[in-house]
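Taking it in order: structure first as structure tokens, then the write-up.
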Amino acid sequence: MGIIRDDRNLHIILKKVDLAIHRLNDQKIKAFIEFLGLKDREDIPKNFLDWENILVVVPNREMLNEIKKYKDSISRISFVTNTNAKQIHIYDINDWKSATQNKTALQIRQFLKTNFGGVPKTSEDPDWIKLL
């Protein structure tokens, strides 16, 4: 006989608690997305809670520093800076992993120019944007 008196009931209780934690974390993620101003944007997928992990892409280091403090209090989110992005985006982190797998840092920088929020520079962009 093991040290646990009722192993089956313990597993049932732990599973219920894990489910409750998952639901509460989903509420945190929804609130975070809403307060980033992404809730009603057309380009934001509505099924982001179905993703295993969410990648938040921000256009600059200042934004990253402002929001990265939430990383520890909200499970299932990660952050990356894409200086080619003009606004905040979210993606399935599995898409990020498969797209950047086996790429060098230079290849990833080139890739980010047109992917994961990156917008190709056009001739209509003001000269100061080209300098960034």
Among the listed pairs LYS39/LYS97; LYS46/LYS71; LYS15/LYS71; LYS30/LYS113; LYS46/LYS68, which are separated by more than 26 Å between their Cα atoms? LYS30/LYS113
Computed FRET efficiency, Cβ-Cβ of ILE74 and ASN102, R0 25 Å: what is it to the nearest 0.05? 0.25
Express the carbon and sulfur contribution to the solvent-accessible surface of the chain as a percent, rounded to the nearest whole number, probe 1.4 angstrom. 54 percent
Which entry in [x] 17.3; [y] 16.3; [z] 14.7 is this structure's computed Kirkwood radius over Cα pairs in Å? [x]
Modelling each spin label as a point 7 Å along the Cα-to-Cβ direction, I'd like the GLU66/ARG23 distance in nm, to one decimal. 3.3 nm
Where nothing but the Cβ of Lys and Arg (+1) and of Asp and Glu (-1) is charged, how large is the charge dipole of region 8-106 around its Cα centre, in debye to the nearest 20? 340 debye
Of ILE12, GLY118, VAL58, which is farthest on the positive side of the dipole of the chain, counting Cα position, with +1 on Lys and Arg Cβ, -1 on Asp and Glu Cβ, and the Cα centre as origin? ILE12
Relative to the longest principal axis of the C-alpha atoms of the chain, give the angle of the C-alpha long axis of helix 7-35, reported between 0 and 90° and rounded to the nearest 10°. 30 degrees
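Once R0 is set to 30 Å, what does the formula 1/(1 + (r/R0)^6) return for the Cβ-Cβ distance between ARG41 and LYS15, expressed as a FRET efficiency to the nearest 0.05? Before the final figure, lay out each step's value.
On the way: r = 35 Å, r/R0 = 1.17.
Step by step, r from the Cβ atoms, then E = 0.30.
So what's the net charge close to MET63: Lys and Arg +1, Asp and Glu -1, counting the other residues with Cβ under 15 Å from its Cβ?
On the way: positive: ARG61, LYS68, LYS69, LYS71, LYS86; negative: GLU62, GLU66.
So the surrounding residues net to +3.
Add -39500 (n - 2.57) for each DSSP H run of 4 or more in the chain, then divide by its residues: what number comes out at 222 nm, to the nearest 500 deg cm²/dmol? List each step's numbers first, then the result.
On the way: 5 runs with 56 residues, N = 132.
Roughly -13000 deg cm²/dmol at 222 nm, from the helical runs in the chain.
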With a 1.4 Å probe and every protein chain left in place, work out the accessible area per residue of the chain in Å², rounded to a whole number. 73 Å²
With a ≥ b ≥ c the root eigenvalues of the C-alpha gyration tensor of region 42-102, is it rounded (a/c under 1.5), prolate (a/b larger than b/c) or oblate? rounded
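The values are calculated or read from the model by the stated rules, or taken from the named source; none is laboratory data. Computed from a predicted model, the values in this text were never measured in an experiment. When we count neighbours, we look across all protein chains shown, and the Cβ atoms used for this are built from the backbone with ideal geometry, even at glycine. Accessible surface areas use protein heavy atoms only, side chains included; no ligands, DNA or RNA. Shrake-Rupley method; radii C 1.70, N 1.55, O 1.52, S 1.80 Å.
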